[in-house]
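Worksheet: the structure to be examined is printed underneath.
The values are calculated or read from the model by the stated rules, or taken from the named source; none is laboratory data. Every value quoted in this text rests on a predicted model; they were computed, and no experiment measured them. When we count neighbours, we look across all protein chains shown, and the Cβ atoms used for this are built from the backbone with ideal geometry, even at glycine.
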Amino acid sequence: MKSLVLTLGAAFVATGCAVKPVAISDEIHNLRAAEDQRRLFDDQDAVGPPLTLPAAIARALRYNMEYRTRLMEEAASLGQVDLANYDLLPRMTAAAGYSVRSNDAFGVGYTPSGSISTTPSAAAEPKHFSDSLTFSWNILDFGLSYVRAKQLSDQALIAEERRRKAVQNLTQDVRNAWWRVEAAQRLLPEADVLLAELNRTAARAKLIESRKLLPPLQIVAYKRSLLDLEQQISARRQELALAKLELAQLLNLRPGIEYSVATVDRQDAVPPDLTASIEALEQIAIQNRPELREEGYRARITDFEGSRQLLSVLPSLSMDVGNDYDANKYLVNNRWSSAGLNLSWNLMKLVSLPSIKGNIAAAARVDETRRLAVTAAVLGQTRLASVRYRLLTQELAIWDDAVSDDVRIVGYLEASRQVGLETELELIRAKGRSIISRINRDLVYANLQGSIGRLYNSIGLDSLPKGAESEAPLALAEVLAKTVQDWEAAVFAPGPANTQIPVAVQPVAGLAGDDANAFTGALQRVLTLAKVATAGREQAAYRIESSVALQAPGISGQLSSMKFKLLDASGAVLFEGEQKSMLMTPVNTEQWRALGEGAGYRVIEPVRLHLARAQAARASQLKAPPTMPVNTDAVPTASALGAKAVEVQLETAHAVADAVKRAQNN
């Protein structure tokens, strides 16, 4: 009965102590959320002036939470090493106890003859106190603890390499996002204005369609082209807008905070040449990449693990030295010292020795194979980064030409409209293509800058010296800028200077005074827009001559005949053309300025063709052959095809413009 009661009591106590899930209250969750937000953003320096790229990287390294997590992991690994060092010390155990019995520990014994003593006796008090201080050292445990400490020290070094990798990845991500934000700041306002203009043009096209002023197929195709432009601009705009949010997240800025980045004037910037050989970069990558250094430490950890397994097979030798005390009054000696030496050996472990050796060899082969695989990946990434940079420099040159061509097309259409050709609808399409080309060009430039960061990353460049995280953001930005500048000077060389060959613009024949100045100035402005250097006749290798003849006024205006020539220094004619336009009477200076722009857009392609040939000959340091007259209209080059495309667009735009005019009059 008594045992049953005890059992039921134990069951009741166990049931009362059972653990039940307790949910955290919403109030505690809200307090935690508020505290987390305060700790995330309140202790940061103000953003301040527009962020340069080094300043943005410095701020990310200071406040980015993922990078700070890497720092905490490294600190925790170092703490594990310090803790493991204490395991190498001998053990010193202090113990104390108090013993109580409900009765005396009497007992009887027996004599050597086998008879039992009839008088009970006791050698311990019912209540007594005891203590001891024991010093013990196990040599096998010491060896295993030493190996474990070495493994933990290598783990700390692995955490350091992972911190380096986090710095490199964060630097690359900030670099990619920063250049996109820089492009967004310049292009998004223009894209917004153009989208609004596209919406107005689309509404005007709907009016034309409703009044049936143009053939249905033509107006529907035109509306569809406007919609395509709007979709393309919206997609590019979205990509640029998201870049600012991405950069804010990398910098750990409070959501919704406004900031800006420093703008970069890259009007005449030439991408630097990658002068370092790929083989040299690959050698640097193999030596510096954090992943490969981590694999080296992993191999050492595997070696230490093999040593630990072999040590566990050895016999265990322990030494004990202690000092004891017992308050039992029946003891003759209440205090005594003791020492011992113990040797134990698990002989069954000897059987597993061949398996242990096989396991060690297999682990070493795995480490070696993994290291070789990482090495192959590093070599491939380095070569890929260098090739990607060179390809992007070529792609950037293509987009620079595309932007230049689109700007000239827009200028040509505007000039045509100013002399009486109503091309408003076609002009908006040209503007749309121009802004898309500019966005694409700047995105390619951002990718080019990102490829430089990828090259840094692929070779394991340490842009941040160890311990520099504690510096203020401004000082940290200076350190980063200096490190990257020194590395770029060693790996890159300035791109080839754009040694332009100047062209002279001769005064127009047939005009005088303000009309002549407006015509010549507009022609020269088109050359400047196309990045063609101009100079006086004595310094120029080519010259442009033009003349204008104006017929008598007619019913619809005055017909003008404009002729232009491109000549070399010897006076040989390289290109000549003629353009006739109907001018509104009375003819004013603005119309002559528009004609000058039209002449510039007609002559710019032959100018660029001959300048490219001359610059190529100069770059190759070869003597150029005598220049022969070339009829550029006979060869369907890409530039000529572009000019033809403009003429076709103008012809199509005339009909649309007339329809718009009729719609407005109605």
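Structure values in brief
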item	result
Every residue from the range 275-330 that is polar (S, T, N, Q) and either part of a strand (DSSP E or B) or more than 28 Å from the chain's Cα centre (by Cα) (or both)	Thr302, Ser307, Gln309, Ser312, Ser316, Ser318, Asn323, Asn328
Exclusive hit being at pLDDT below 80, within 20 Å of the chain's Cα centre (by Cα) and hydroxyl-bearing (Ser, Thr, Tyr), set Ser463, Ser470, Ser458	Ser463
Some residue of the range 222-238 being within 29 Å of the chain's Cα centre (by Cα), aliphatic (A, V, I, L, M) and closer than 24 Å to Pro50 by Cα	no
Boolean, Arg383 is within 24 Å of Pro272 (Cβ to Cβ), of a type in the set (Lys, Arg) and touching a residue at least 24 places away in the same chain (Cβ under 8 Å)	yes
Wholly within the range 532-610, strands (runs of 3 or more DSSP E) carrying at least 1 residues that are touching a Pro at 6+ places or on another chain (Cβ under 7 Å)	558-568, 573-583
The range 347-375, subset polar (S, T, N, Q) and within 30 Å of Pro290 (Cα to Cα), residue modelled with the lowest pLDDT	Asn359
Top-ranked residue in the range 130-178 [being farther than 30 Å from Ala58 by Cα and acidic (Asp, Glu); ranked as surrounded by the fewest Cβ atoms within 10 Å (Cβ to Cβ)]	Asp131
Residues being over 30 Å from Leu152 (Cα atoms), aliphatic (A, V, I, L, M) and assigned to a loop (DSSP other than H, G, I, E, B) - total across the range 86-135	5
Selected residue [surrounded by 10 or more Cβ atoms within 10 Å (Cβ to Cβ), assigned to a helix (DSSP H, G or I), of a type in the set (D, E, K, R) and modelled with pLDDT of 75 or more] from Arg68, Arg62	Arg62
Of all residues in the range 519-541 being loosely packed, with under 15 Cβ neighbours inside 10 Å and basic (Lys, Arg), the one that is farthest from Val407 (Cα to Cα)	Arg537
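Every residue, every condition in (1) under 30 Å from Asp400 (Cα atoms); (2) out of contact with any strand residue (DSSP E or B) (no Cβ under 6 Å at 6 or more places or on another chain), yes or no:
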site: Asn199; (1), (2): yes, yes
site: Glu209; (1), (2): no, yes
site: Leu229; (1), (2): yes, yes
site: Ser234; (1), (2): yes, yes
site: Leu242; (1), (2): yes, yes
site: Pro272; (1), (2): yes, no
